[in-house]
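See structure below.
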Amino acid sequence: MSEIKGIKKYRYNWRVKVKLRHVVPFVFIKIMLMLALYNFMSMHYWASQSGTNNNSRTQENKLFLSGPIKVRDVVLSTKSRLRYEFAALASPNEGKFLAAANKSCLHEKCLSLIREGHLPRIGILAPPGMIGHYFFLLIKDVLEVADPTVHSRLELVETTRVPPYGYGRNHGMTKIVHILSSWMRVAVADAIYSTEKNNGDNFSDDDMVSPSEEENVAVLKQLVRWHCRLGHVSAHTSLLTVPLADIISDLVGSVSKVLRFIDKDLETNIMEQHKSEENIKFEEKVNAILDEKKLTSVALFENALINIEEKSIASLLLSPSSSHNIQSDPFDLALKEELEKSNNLKNWPCDSFWNLEISEQTSSAPFLVGDKLIPDCSNEFVTCSINKDKCELKRMSSCA
């Protein structure tokens, strides 16, 4: 009997060893990836907490505390990890960038021009990518449910193209909603993976081409300049800036703010539909609409956030910069350089989208992204009369 037990024990150990031989490498690789992700995120998070000034630190803390998308205080399908992982991806100079880019024009003197014979045109402007696209669809969907007559009063326009210079008379927009990238690393990943290089909106994980570090840095510079251009537009045109962090932490509040800005009569019309309901607030009506759409528009927006969050982390883990000291991170150094060169986005005009060495390579991500950022001079509502815009259209980095 002892011999039989010994044979059984030997067979058991042999089988375990065989299984372990196949399983251990996979488990080891997974553990190493998780440790790399943890170390990378911890490094960026603690670095962001030790900002060089109080304003930056306050702004970054707000990013870290922003919560998941909520409707009626119930967390939907968006995973709570979004607020932590997006915040962990923030760089030390991001607080300064957000403070410089978060500009709106909401007073009566802000221009709200309407071309004769046309409806007011309301632009929803966001950098290229899935996040801005699906937020536009969400707003459009909510508008149609809230007030079916709204499209007889205004035209909603989705674009990633910056308005041309011309003091509000060249871009053809009555009002602009500016979606501010709260986390530039996320915005860069979203923009790059939306290009034809990665099959546009239909790419799969198998088709992904991981961007080089030079491409990441170059697209960062382009997006900073894109937000710089929107900041200049806010000096004269009716414009509302909505940070992505606010949308994630308070979807109902952010959507309500956008609806009020888009059409001042919209709130009145909605409330007229609910006169029989005592003490109902506008935000409660918006909340009910979002509840109704949580399986469609809201779900699509949430899925876009999750998709880009995963690609942001995957891209950075494969990047050499992920192993760098945070103080010498090329991504953050480029952001700091852009802020210094532009005097915190105040200098006019903003730097060219093509003033980058790598942008001249037609297959590069900056070249493909740049084409989605320049003014849409061929649009019937747009006039490009300033040399700066004509040069952008010709992909010239400087103008005489």
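The values are calculated or read from the model by the stated rules, or taken from the named source; none is laboratory data. Since this is a predicted model, take the numbers as computed values, not measurements. Positions of Cβ are generated from backbone atoms using ideal geometry, with glycine treated the same way; all protein chains shown enter the neighbour counts. Please note that ligands, DNA and RNA were not included when accessible areas were found on the heavy atoms of the full protein model with its side chains. Shrake-Rupley method; radii C 1.70, N 1.55, O 1.52, S 1.80 Å.
Points worth noting:
Residue-wise test of (1) in a helix (DSSP H, G or I); (2) modelled with pLDDT of 70 or more.
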site: N55; (1), (2): yes, no
site: T58; (1), (2): yes, no
site: L63; (1), (2): yes, no
site: P68; (1), (2): no, no
site: L82; (1), (2): yes, yes
site: A87; (1), (2): yes, yes
site: F97; (1), (2): yes, yes
site: H107; (1), (2): no, yes
site: R115; (1), (2): no, yes
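- Given (1) over 22 Å from I374 (Cα atoms); (2) open to solvent by 10 Å² or more (accessible area, probe 1.4 Å); (3) in a loop (DSSP other than H, G, I, E, B); (4) touching a residue at least 60 places away in the same chain (Cβ under 8 Å), index of the condition L119 fails: (4)
- Screening the range 283-306 for residues that are open to solvent by 50 Å² or more (accessible area, probe 1.4 Å) and of a type in the set (S, T, N, Q) and picking the one that is modelled with the highest pLDDT gives N303.
- Cross-chain or 6+ apart pairs with Cβ under 7 Å, the range 249-261 first and in contact (Cβ under 8 Å) with a residue 60 or more places away in the chain and closer than 18 Å to F136 by Cβ, then part of a helix (DSSP H, G or I) and open to solvent by 10 Å² or more (accessible area, probe 1.4 Å): V252/E283; V252/N287
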